[in-house]
Amino acid sequence: MNPGKVARTGLSARQSDEQGVEAVGEARAAIGPQTGERRVRERGREQFVRLCECQCGLPTLLATRTNRLYGHVARQPVRFIQGHQNAARQAPKQGCAVDECKQSARKRGWCELHYERWRRKGDPEAPVSVPAEGCRVEGCAARHMAKGYCQKHYTRMLRHGNLTGQQPHDSAVIRFWRRVDKGDRCWMWTGGRGDHGYGSLKDDDRRAISTHRFSWQLHHGAIPADMEVCHTCDNPPCVRPDHLFLGTHTDNMQDMLKKGRLVSAWGRRTACSAGHAYDEANTRVDRNGHRRCRACSREGDKRRRERKKSGAAR
């Protein structure tokens, strides 16, 4: 009840609740088992009541006028009125409509358990499926979660479709030939490559291996521990088996030196960073054996002389 209204009438909150309960009891007696409207006299004035639409079995007053502030609509049941809430707390609770169920009714005349069974299965008395005692995977002692599996194996089945937790992959041989382009001269690897241009592949054990070494193992067998796979064509991404041969690390370095490939990346450059060509007239070799651009050296000397001259003028 409104505190101001209680103060004006001189009634305490407890007395007001008791009057609300008595009024609700009189209204329920006036309505009886019917759900139609009845005119009752409550608190010195006539009002209309009818059974509440929340299926609680209690009568509720009807709004005499529309009040948007409180959400009241004329001639429609008022959801929250003083006395209705208190009477609902003190009124005896109805039991579940299912036989032998001692729980109080919550929704549609059923308790929470039977209401959920009706919502999910369409029958409040539907039998409850008894879960398995444990996971059906052999050797797994974890508790059952769903569809006969524990949480770990059930998640693996959802994500990967298997119980190993790994996505299915083709064998390394199938993945190898899928990325080999057999040309007239070399068989080029079209997959991923490393910094030096050699192809890279993961074997069946998910370990990275160079594609030219994998090609040798595929055609000739295992590679000895102290041997390397070398190219006769000097083409790192080539995986053609007759372009490969075994040799020690010394043999590999001598083969590179003989073919002129034992040169650094700087040694293979034909121009400096400024674009000046490394020809005979523009190139000099310092005492450390490094090439130097004559044009860049002249420009650097000119800038140093200008800085020195401007500093002396100041």
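The values are calculated or read from the model by the stated rules, or taken from the named source; none is laboratory data. All values reported here derive from a predicted model rather than from experimental measurement. So basically every Cβ, Gly included, is an ideal-geometry build from the backbone, and we count neighbours across all protein chains shown. When the accessible area is computed, the model is the full protein with side chains, heavy atoms only, and any ligands, DNA or RNA have been set aside. Shrake-Rupley method; radii C 1.70, N 1.55, O 1.52, S 1.80 Å.
A few remarks follow.
- Among the residues of the stretch 179-208, the one identified as farther than 16 Å from His231 by Cβ and in contact with an Asp or Glu (Cβ under 7 Å, 6 or more places away or on another chain) is Thr190.
- Leading residue by the ranking (modelled with the highest pLDDT) among those in the stretch 220-241 that are charged (D, E, K, R) and part of a loop (DSSP other than H, G, I, E, B): Arg240
Conditions (1) farther than 26 Å from Val173 by Cβ; (2) among the acidic types (Asp, Glu); (3) surrounded by 11 or more Cβ atoms within 10 Å (Cβ to Cβ), marked per residue:
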| site | (1), (2), (3) |
| --- | --- |
| Pro236 | no, no, yes |
| Val239 | no, no, yes |
| Ser273 | yes, no, no |
| Asp279 | yes, yes, no |
| Gly289 | yes, no, no |
| Glu299 | yes, yes, yes |
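- First in the stretch 267-286 and among the charged types (D, E, K, R), second anywhere and surrounded by 10 or more Cβ atoms within 10 Å (Cβ to Cβ) and not in a loop (DSSP other than H, G, I, E, B), Cβ under 7 Å, 6 or more apart: Arg284/Arg292; Arg284/Arg294; Asp286/Arg292
- Screening Ser297, Ser273, Ser310 for residues that are modelled with pLDDT under 90, more than 26 Å from Asp195 (Cβ to Cβ) and hydroxyl-bearing (Ser, Thr, Tyr) leaves exactly one candidate, Ser310.
- Test: residue in the stretch 184-204 that is open to solvent by less than 60 Å² (accessible area, probe 1.4 Å), part of a helix (DSSP H, G or I) and touching a helix residue (DSSP H, G or I) at 6+ places or on another chain (Cβ under 7 Å): no
- Ala225 fulfils the conditions (1) more than 29 Å from the chain's Cα centre (by Cα); (2) within 18 Å of Pro236 (Cα to Cα) except for a single criterion, (2).
- Which numbered condition Trp216 fails, given (1) closer than 30 Å to Arg175 by Cβ; (2) over 47 Å from the mean Cα position of the chain (by Cα): (2)
- Filter result for Asp181 (touching a residue at least 12 places away in the same chain (Cβ under 8 Å), surrounded by 11 or more Cβ atoms within 10 Å (Cβ to Cβ) and of a type in the set (Asp, Glu)): no
- Residue in the stretch 258-272 that is part of a strand (DSSP E or B) and over 50 Å from the mean Cα position of the chain (by Cα) present: yes
- Of the residues in the stretch 134-145, not one is in a strand (DSSP E or B), of a type in the set (A, V, I, L, M) and either touching a residue at least 60 places away in the same chain (Cβ under 8 Å) or open to solvent by less than 100 Å² (accessible area, probe 1.4 Å) (or both).
- Index of the failed condition, Leu244 passing every other in (1) in contact with a helix residue (DSSP H, G or I) (Cβ under 9 Å, 6 or more places away or on another chain); (2) on the phi > 0 side of the Ramachandran plot: (2)
- Residue selected from the stretch 146-177 under the condition part of a loop (DSSP other than H, G, I, E, B) and touching a helix residue (DSSP H, G or I) at 6+ places or on another chain (Cβ under 6 Å), by the criterion most open to solvent (accessible area, probe 1.4 Å): Gln167
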